Amino acid sequence: MSNYAIILAAGKGTRMKSDLPKVLHKVSGITMLEHVFRSVGAIEPAKNVTVIGHKAELVRDVLSGQSGFVMQTEQLGTGHAVMMAEEQLAGLEGQTLVIAGDTPLITGDSLKNLVDFHVNHKNVATILTATADDPFGYGRIIRNQNGEVVKIVEQKDASEFEQQVKEINTGTYVFDNKRLFEALKNINTNNAQGEYYLTDVISIFRQAGEKVGAFVLRDFDESLGVNDRVALATAENVMRRRINKAHMVNGVTFQNPEATYIDIDVELAPEVVVEANVTLKGQTKVGSESVLTNGSYIVDSIIGEGVVVTNSMIEQSTVKDGVTIGPYAHIRPDSTLEKDVHIGNYVEVKSSTVGENSKAGHLTYIGNARVGSNVNFGAGTIIANYDGQNKYTTTIGNNVFVGSNSTIIAPVTLGDNSLTAAGSTISKDVEKDAIAIGRSRQVNKDGYATRMPHHPKQK
Ligand code: UD1
Ligand code: MG
């Protein structure tokens with residue numbers, strides 16, 4: 001029988017105190033909704049329906065092309081939200097997973113186990129539950145003397161006795177698809193929050209004498225429902241530990257995994273070394289034996305093998321094998337550093353290609369440039385690529401020696417093997433093998449310094 005899935009993502013998330021819908025807050029680089037959607041993928045649903053409402057278009061964008069959607073124009077509760085999915089799922093034979101979009105830590109394995117358990121026990125409904133040290137805020141699982149689940153009671157509706165119960169509803173369930181929509185016709189808003197609670201279908205099934213079960217998660221962490229930013233930070237911590245552990249198991253060395261921030265889609269080859277306070281974001285990939293030292297911050301970039309990044313920032317760029325960067329360098333978007341390039345302290349590269357084995361050791365700006373191989377940039381070189389309105393390209397050939405403190409005014413070309421004298425302002429093309437001197441000649445005036453106020457004779 002087929003599996004179906006309904007993801008609840010219509011709520012505002014009032015307790016987040018945010019303009020952004022709750023399920024679009026990110027954990028380790030992707031939205032909570034994407035985490036949930038990825039885990040749901042493990043049960044291979046024949047149909048996915050995401051219930052959207054508050055700022056629906058923003059939420060839809062995240063899963064567009066991957067999920068079906070239904071609108072819940074008024075957020076009248078989780079039961080009401082599931083009813084909206086009836087138009088897409090009514091009459092289908094099979095089981096339907098219902099999951100809240102604010103539980104980013106539930107794994108695909110747990111969802112698979114839940115569905116298997118549900119099918120094997122021939123239940124009409126199976127609740128994914130967990131045991132909480134502090135169950136406050138969650139719906140409680142109420143069992144009878146035989147240990148059978150009879151109902152779920154929400155925090156705000158729970159008696160003092162029920163509030164003692166530590167088994168909580170994770171907000172994830174599997175239902176017989178047809179029976180789910182039948183039972184939903186019988187829920188009402190007679191509760192503390194005046195909402196249609198999805199959780200009420202459990203007692204409805206029980207009263208009809210149908211088989212309801214609970215599948216208990218071993219790891220409470222997975223069940224975390226994020227309702228505020230405190231829980232969001234907790235989710236991030238748990239996810240970070242999972243991500244970093246997976247990398248360590250895979251052969252990556254961490255100086256301090258508790259203080260290393262790696263987004264979920266980042267790929268690290270074995271033998272990478274990551275020091276503390278490193279942040280790797282987005283679609284970053286790092287090749288084997290590269291070392292990322294303390295403070296490095298890398299976004300959406302491809303880093304080759306044997307690269308050393310020392311306390312530097314790299315964004316949307318490609319860094320080939322053997323490159324050394326930093327300390328305190330900034331590689332800005334759309335740059336490529338070919339093999340064995342050296343970018344030293346206080347160097348900024350933007351929208352540029354730097355050829356093999358070229359070096360900019362200190363205090364240099366390389367912007368909108370095509371730089372050949374074996375080029376040396378002297379300290380303090382600036383490419384003036386911007387006239388206030390447009391950006392212009394600079395082309396630098398192979399083996400060029402750019403003298404210290406050169407200002408290269410784009411658009412301009414420096415031919416192969418050419419040299420610019422230190423302190424030059426270069427505004428004309430330089431031929432291959434030529435030296436360009438773009439500065440005024442030095443004049444020395446003998447004895448003149450004796451007249452100046454700094455001179456010992458004047459004191
Ligand atoms: C819900 C459960 C509670 C469980 C907890 C687990 C109910 C009544 N309660 O409570 O038993 O312990 O999750 O985290 O179901 N949503 C809609 N439309 C609505 C209301 C909510 O789409 O009208 C969505 C929200 O966007 C959210 C999810 O449903 O993704 C859960 O809603 P939330 O308000 O967070 O429910 P909880 O109070 O956490
Ligand atoms: Mg919640």
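A few notes on this one:
- When Asn277, Asn191 are checked against the criterion of being at pLDDT 95 or above and more than 30 Å from Glu87 (Cβ to Cβ), a single residue qualifies: Asn277.
- When we screen Ser373, Ser312 for residues that are closer than 23 Å to Pro411 by Cα, in contact (Cβ under 8 Å) with a residue 12 or more places away in the chain and either surrounded by fewer than 22 Cβ atoms within 10 Å (Cβ to Cβ) or of a type in the set (Ser, Thr, Tyr) (or both), the only hit is Ser373.
- Qualifying positions in the range 339-364 - surrounded by 22 or more Cβ atoms within 10 Å (Cβ to Cβ) and of a type in the set (Ser, Thr, Tyr): Ser352, Ser358, Thr364
- Looking only at the range 192-219, and only at residues there that are over 21 Å from Lys112 (Cβ atoms) and of a type in the set (Phe, Trp, Tyr), the one that is surrounded by the fewest Cβ atoms within 10 Å (Cβ to Cβ): Tyr196
- Yes/no for Leu63 being within 16 Å of ligand 2 (Cβ to nearest atom) and either in the same structural domain as Tyr197 (by the TED database) or among the aromatic types (Phe, Trp, Tyr) (or both): no
- Enumeration of residues in the range 119-161 that are without any contact (Cβ under 8 Å) to a residue 40 or more places away in the chain and of a type in the set (Gly, Ala, Ser): Gly147, Ala158, Ser159
- Looking only at the range 220-258, and only at residues there that are among the polar types (S, T, N, Q) and more than 14 Å from ligand 2 (Cβ to nearest atom), the one that is surrounded by the most Cβ atoms within 10 Å (Cβ to Cβ): Asn244
- Answer from Leu184, Leu180 - the residue that is of a type in the set (A, V, I, L, M), touching a Ser or Thr at 6+ places or on another chain (Cβ under 9 Å) and either at pLDDT 95 or above or not assigned by the TED database to the domain that holds Thr78 (or both): Leu180
- Set Asp446, Asp416: member being more than 21 Å from Leu363 (Cα to Cα), assigned to a loop (DSSP other than H, G, I, E, B) and touching a Lys or Arg at 6+ places or on another chain (Cβ under 7 Å): Asp416
Per-residue answers, yes or no, for (1) under 29 Å from the mean Cα position of the chain (by Cα); (2) of a type in the set (Ser, Thr, Tyr); (3) over 16 Å from Glu315 (Cβ atoms):
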position: Ser335; (1), (2), (3): yes, yes, no
position: Asn345; (1), (2), (3): yes, no, yes
position: His362; (1), (2), (3): no, no, yes
position: Gln389; (1), (2), (3): no, no, yes
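- Considering Gln66, Gln88, the condition of being within 24 Å of the chain's Cα centre (by Cα), more than 23 Å from Lys17 (Cα to Cα) and surrounded by fewer than 17 Cβ atoms within 10 Å (Cβ to Cβ) is satisfied by Gln66 alone.
- For Phe401, the criteria (1) surrounded by fewer than 18 Cβ atoms within 10 Å (Cβ to Cβ); (2) touching a Phe, Trp or Tyr at 6+ places or on another chain (Cβ under 6 Å) hold in every case but one, which is (2).
- Condition check for Asn390: of a type in the set (S, T, N, Q), surrounded by fewer than 17 Cβ atoms within 10 Å (Cβ to Cβ) and out of contact with any Asp or Glu (no Cβ under 7 Å at 6 or more places or on another chain): yes
- Hits in the range 164-198 (condition: away from ligand 1 (no atom under 13 Å from the Cβ) and in a helix (DSSP H, G or I)): Asn177, Lys178, Arg179, Leu180, Phe181, Glu182, Ala183
- Residue within the range 199-217 that is away from ligand 1 (no atom under 15 Å from the Cβ), more than 36 Å from the chain's Cα centre (by Cα), under 20 Å from Val40 (Cα atoms) and in contact (Cβ under 8 Å) with a residue 60 or more places away in the chain present: no
- Answer residue from the range 110-161, given it is small (Gly, Ala, Ser) and within 38 Å of the chain's Cα centre (by Cα) and is surrounded by the most Cβ atoms within 10 Å (Cβ to Cβ) among those: Gly139
- Residues that are crowded, with 17+ Cβ neighbours inside 10 Å and of a type in the set (Ser, Thr, Tyr) do not occur anywhere in the range 5-21.
- One residue stands out in the range 37-63 among those that are assigned to a strand (DSSP E or B) and among the polar types (S, T, N, Q): the one that is surrounded by the fewest Cβ atoms within 10 Å (Cβ to Cβ), namely Asn48.
The values are calculated or read from the model by the stated rules, or taken from the named source; none is laboratory data. It should be emphasised that the depicted structure is a prediction, and the values quoted were computed from it without experimental measurement. All Cβ positions, even for glycine, are placed from backbone atoms using ideal geometry, and neighbour counts span all protein chains on display.
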